[in-house]
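**Student:** One structure, pasted below without further comment.
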Amino acid sequence: PNAIIHADKGYLGSFSGDEHGYFGGGYQYQFQLYPAVRFCRIDRLDFTTETDSQATFAYLPSQRMYLEGMSSRRYGYFIGGSETINVGPYPAEVTRVEFSTETKSLNPVAHPAGVWKHSTFDNNLFGYVVGGQIPSVGIVCTIRRLDFTTDTWANTTNNMQTTIFTHCTNQDDSYGYTIGGTTPNFSPGTTSKINRLEFSTETTSQPGDIQ
């Protein structure tokens, strides 16, 4: 690919539309520099030309890292994150991007709490925020569902069977999966468990472990 983003960085959030991928925020490590360099810029990757440019809607409301993204057919959403490495603040607002017009707005209903080091998956109807760390609560196993039609949040009836953060996700049309991650038990601290959410029934299970 020809694309080079504007800075070396990690811990950023991303989502995709039909024609472009979008990524925002992030953190850049620089030795002996504190607070670390953090970003609020949003970039756009053109899937046809594989070139990167700054998105027309430009910036998140504040610099942040450990955020995540998800998308419906019409909108992309940046959710959560931390404005510093470990001490917050942890913004609860949701930044929503309309793909057809490339306009940005704050989602009418913020996430129920600031969350960071979480993960997401989505289908045509809902987006899901899974696990992560919530200030004053700690590491959680909850699944919070965003209804793309009404822009409202609700907790699913069933939680993931492992309390995790810093995990990753995969999905197909029927299921969303969390893979690995860090648990509250810091010895050993990491898990090989795979958790599964069935979209049609919103039931959870553990089909296996990472080999």
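The values are calculated or read from the model by the stated rules, or taken from the named source; none is laboratory data. Remember, it's a predicted structure, so these values are computed and weren't measured experimentally. Glycine gets a Cβ as well: all are built from the backbone with ideal geometry, and neighbour counts include every protein chain shown.
**Student:** Quick one: in region 149-190, which of the residues that are aliphatic (A, V, I, L, M) and within 16 Å of the chain's Cα centre (by Cα) is farthest from Lys117 (Cα to Cα)?
**Tutor:** If we take residues in region 149-190 being aliphatic (A, V, I, L, M) and within 16 Å of the chain's Cα centre (by Cα), then Ile179 is farthest from Lys117 (Cα to Cα).
**Student:** For region 28-50, does any single residue satisfy the condition of being within 12 Å of the chain's Cα centre (by Cα), polar (S, T, N, Q) and at pLDDT 90 or above?
**Tutor:** For region 28-50, residues within 12 Å of the chain's Cα centre (by Cα), polar (S, T, N, Q) and at pLDDT 90 or above: absent.
**Student:** Can we say Gly132 is of a type in the set (Gly, Ala, Ser) and modelled with pLDDT of 90 or more?
**Tutor:** yes
**Student:** Inspect all residues belonging to region 100-119 and state whether any of them is at pLDDT 95 or above, touching a strand residue (DSSP E or B) at 6+ places or on another chain (Cβ under 9 Å), closer than 25 Å to Gly76 by Cα and of a type in the set (S, T, N, Q).
**Tutor:** Yes: one or more hits.
**Student:** Filter region 53-100 for residues that are closer than 24 Å to Thr178 by Cβ and aliphatic (A, V, I, L, M) and give the result.
**Tutor:** If the condition is that a residue be closer than 24 Å to Thr178 by Cβ and aliphatic (A, V, I, L, M), then Met65, Leu67, Met70, Ile79, Ile85, Ala92, Val94 are the ones that fit.
So that you can scan it fast, the table gives a plain yes or no per residue for (1) among the small types (Gly, Ala, Ser); (2) within 25 Å of Gly10 (Cβ to Cβ):
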residue	(1), (2)
Phe57	no, yes
Tyr66	no, yes
Arg74	no, no
Thr84	no, yes
Ala92	yes, yes
Thr101	no, no
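**Student:** Also, quick follow-up: Looking at the structure I just gave you, is Gly80 touching a Gly at 6+ places or on another chain (Cβ under 6 Å), within 27 Å of Ser174 (Cα to Cα) and either modelled with pLDDT of 95 or more or of a type outside the set (Asp, Glu) (or both)?
**Tutor:** No: the conditions fail for Gly80.
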